[in-house]
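Quick notes on the structure that follows.
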Amino acid sequence: MSLHWRPHEGPARLGMAVSRKVDKRAVGRNRIKRVLRETFRHLPPDLAGGDYVVVARSAAARASHPDIRDAFLRVLRRAGALPVPAAGVTMPPRPDAHPSSSPLTEPERRSD
């Protein structure tokens, strides 16, 4: 897939282009759009604002849901719209979390 992005202030908006060349059946084209829409809805709030247009390619018709989602996230990161996660970290830190207020700052000691 490819991405066309016009950054601007304001909320992020998604547009999709899934042509008949990608899949002859409307069911297949709608499945691709549904996965892209759902992935976009669950993106973190630190996504850069702007207008995003995703153009699906023919490989998307044979791809599974996780493959389409991963390809979309990879394209967003490559464009610089989505921050790259740190190596070995599964979730980014919460912006309101302060390291000294964490209840897990000291290891628990067992008295066995």
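The values are calculated or read from the model by the stated rules, or taken from the named source; none is laboratory data. Note that the structure is a prediction, hence the values are computed from the model and not measured. The accessibility values were calculated without ligands, DNA or RNA, using every heavy atom of the protein model including side chains. Shrake-Rupley method; radii C 1.70, N 1.55, O 1.52, S 1.80 Å.
General observations
- The stretch 2-76 - accessible surface per residue (Å², probe 1.4 Å): 63 Å²
- Across every pair of non-identical alpha carbons in the stretch 2-79, the mean reciprocal distance, once inverted, gives a Kirkwood radius of 12.8 Å.
- Once the Cα-Cα distance is subtracted from the 0.36 nm per residue extended length, the S64 to S19 segment shows a gain of 14.4 nm.
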